[in-house]
1. Enumerate the pairs (first residue in segment 180-197 and closer than 13 Å to TRP63 by Cα; second residue anywhere and loosely packed, with under 15 Cβ neighbours inside 10 Å and of a type in the set (Lys, Arg)) with beta-carbon separation below 7 Å, excluding pairs fewer than 6 apart on the same chain, so at least 6 apart or on different chains.
2. Pairs needed: first member in segment 228-239, more than 7 Å from the ligand (Cβ to nearest atom); second member anywhere, not acidic (Asp, Glu); C-beta distance under 6 Å; at least 6 residues apart or different chains.
Amino acid sequence: MGVCGKEFYPTDRGVRFPKIGELKLKWSRPLPSPPTSVTLVKECSGRYYASFVVEVKEVKLPWTPKEVGLDLGLASLAVGSDGEKIAPPKFLRSALRTIGRLQGSLSRKAKGSSNRQKARLLVARAQEKVANQRLDLFHKLSTKYIRENQTVALEDLNVSGMLKNRRLAKSISDSGWRMFKTLLEYKAVLYGREVVVVSRWEPTSQRCSSCGHRDGKKPLSIRRWTCSACGAAHDRDINAAKISSPSDRRRG
Ligand SMILES: [Zn+2]
């Protein structure tokens, strides 16, 4: 369901709609400015969410030489290139166990029964809860990294070495990675920062794809460089792709 409209009035307890009346809301965070529109969405769990559109002014932060490379996995939520690890929150692990248990219980219920329907609802609620908690955490982390660094390099997804329930872990980390990236990118625009996605296999010391010379170590934020031996100008990603392509590997 989607009620979408511009005729509504935020109140202390929620939002008042014409005809519908006041809907009580549990605010996930305060609105940064008065909303221009609102959408009500019904989730699989049967709960409703109100999603507000607000205009946010860009607040360019002063330039900083700092940069960070982030590796997002489940084993640790984010690992900065400075080695700082953010431990996975306990809620994630315990929530994964809970979801697994509820899914097992769901699979044992007779098809079409009302018990099965109830079990399905419990699974949906548990998944929704962990998604909300994670979103909250990602908001805090993305703000921190964007404020502190001029460039945030995000490594592409690492799904190896995860929990027992691999399919579940993967789906959670896939969507988490995209969500985290989206948050970083929109905050980068707001604050005048930059987000780049780098391949996790990309070496920090680059070999020239023209002459094979091993050029020095480069921070992840350096996207273009010139070979010190032959003078070829390289785009970091294209050069790395050339180096790792099978024909080049045979030659190397
Ligand atoms: Zn070269």
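The values are calculated or read from the model by the stated rules, or taken from the named source; none is laboratory data. Since this is a predicted model, take the numbers as computed values, not measurements. Note: ideal-geometry Cβ built from the backbone for every residue, glycine included; neighbour counts use all protein chains shown.
1. From segment 180-197, the pairs are TYR191/LYS60; TYR191/ARG147; GLY192/LYS60.
2. Sorted first by the residue in segment 228-239, then by its partner, the pairs are ALA233/THR226; HIS234/TRP225; ASP235/ARG224; ARG236/ARG223; ASN239/SER209.
This table checks each residue for (1) touching a strand residue (DSSP E or B) at 6+ places or on another chain (Cβ under 9 Å); (2) at pLDDT 75 or above; (3) loosely packed, with under 13 Cβ neighbours inside 10 Å.
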site	(1), (2), (3)
VAL196	yes, yes, no
CYS230	no, yes, yes
PRO246	no, no, yes
ARG250	no, no, yes
